[in-house]
1. Got a sec to turn the phi values of region 101-117 into Karplus ³J(HN,Hα) couplings, 6.51 cos²θ - 1.76 cosθ + 1.60 with θ = phi - 60°, whole Hz, x for Gly and Pro?
2. Plugging the Kirkwood radius over Cα pairs into Stokes-Einstein for region 122-169, at a temperature of 25 °C and a viscosity of 0.890 mPa s, what D comes out in µm²/s?
3. Leaving out ligands, DNA and RNA, and with a 1.4 Å probe, what % of the accessible surface on the chain is carbon or sulfur?
4. Per residue of region 183-191, what does 6.51 cos²θ - 1.76 cosθ + 1.60 with θ = phi - 60° give for ³J(HN,Hα)? Whole Hz please, x for Gly and Pro, Karplus curve as stated.
5. Sort region 99-249 into rounded, prolate or oblate with this rule: let a ≥ b ≥ c be the square roots of the eigenvalues of the Cα gyration tensor; rounded if a/c is under 1.5, and if a/c is not under 1.5, prolate when a/b is larger than b/c, oblate otherwise.
6. In square angstrom, rounded to the nearest 10, how much accessible surface does MET97 have for a 1.4 Å probe?
7. Convert 37 °C to kelvin, take the viscosity as 0.692 mPa s, use the Kirkwood radius over C-alpha pairs of the chain as Rh, and evaluate the Stokes-Einstein diffusion coefficient in µm²/s, rounded to a whole number.
8. Kindly provide the Kirkwood hydrodynamic radius of region 172-253 in Å, to one decimal, from all pairs of distinct alpha carbon atoms.
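The values are calculated or read from the model by the stated rules, or taken from the named source; none is laboratory data. Note that this is a predicted model, so its numbers are computed, not measured. Cβ coordinates were reconstructed from backbone atoms using ideal geometry, including for glycine residues, and neighbour counts include every protein chain displayed. Calculation scope for accessible area: heavy atoms of the full protein, side chains included, ligands and nucleic acids excluded. Shrake-Rupley method; radii C 1.70, N 1.55, O 1.52, S 1.80 Å.
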Amino acid sequence: MSIDKACGLVLNKRDLRETSILVDFYTREFGKVSGILKGIRTEPEKFASNLELFSLNEIIFYRKTHSSLHLVSQADKIDNFTGIRQNVERISTASFMMELINSVMQAEDANADVFNLALASLKELETNYNPEKIATIFKIKMLNLSGFKPHFDSCVSCLDKIMGQSKFSLALGGLLCPRCMAKDPTSRAIFRGTIATVLHIERNSFAASLNLGMNPLIKKELDLILNSFLNFHLGRELKSQKLLNKLEMAVRS
C-alpha cells in the first residue's frame, strides 16, 4: 500500500453504509480512481471539501495494490465551478461530461489529455453561453482521446479514403464507402459537412473548435449520430444525456 496525492474531478459519488461515501475521481496522475471516504457523512468537518459532482479536488489516498478501491484520507477543494452551478443547463452539461468520462475510461489508466480536456471544458462552461456547443465539442474530442471514437477518416470496412458519397454505420462504428454500403443495410446517409466538422474538432484544439461555426442541420445530425453511437456501443443511454435532450426540447418548444 502506498500513499499518493492527486488532483481529481468528481465523476460520481454515492453513500456507503451509514457513515461513508464512495467517490469516483478522474485524476491527472492516475486516471479514474475510486476511493472510500470514511466517516464523512457523520463528521463532514474531517474533510475540506463536500465533494460535489464535477468539483476539482486535491486528494491524498492510500492506494491498494490488489484492489481498485482505495482509502481517501484527505480531500481539499480547489475549484467548485460556482458559475456552472447557477444554471440548470450548465449543470446538466457538466454532469454529462463526468458521466461520459466514467463510462468510457478504464480504471487507473492515466490520460492527461482527457483530464485537461475536462478541465478546459468546465472552465469554458462557467462563462460561455452555449452549453450545447461545448457538449458537442467535448463529446467528439473525448471519444477521440479515449480510443472509443467512430471512424470518420476513411471507410471503416475497406479503409479506403472516401471522396464522395458515404453512409454511417452504427453497427460497424464508422463511415462506409459506396462499395461497402451493402455490408450494413441499416447505415444512414450523412452530410459531408458533418464529417468535416468531426474531423476539424478531432484535429484542432478545444479553443479553436469553439470558434468553428455550426450549421443547425449539421449540429442536429452530429448529436443524433454521436448519441446513437454511444447508446449502441455502451448498451444504454447516459442518464445525463436524457436530461440534456429534455432541456433542449423545452428550449425549442
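1. With the stated coefficients, region 101-117 comes to 4, 5, 7, 9, 8, 6, 4, 6, 10, 5, 8, 4, 5, 5, 4, 5, 5 Hz.
2. Details: Rh = 13.0 Å.
In µm²/s, the coefficient is 189.
3. Numbers: 6490 of 12440 Å².
Within the chain, the accessible surface is 52 percent carbon and sulfur.
4. Karplus values, whole Hz, x for Gly and Pro: 5, 9, x, 8, 4, 10, 5, 9, 5.
5. On the way: a/c = 1.59, a/b = 1.47, b/c = 1.09.
Prolate.
6. Near enough 0 Å² of accessible area.
7. Working: Rh = 19.5 Å.
After rounding, the answer is 168 µm²/s.
8. Working: mean 1/r = 0.0680 Å⁻¹.
After inverting the mean inverse Cα-Cα distance, the result is 14.7 Å.
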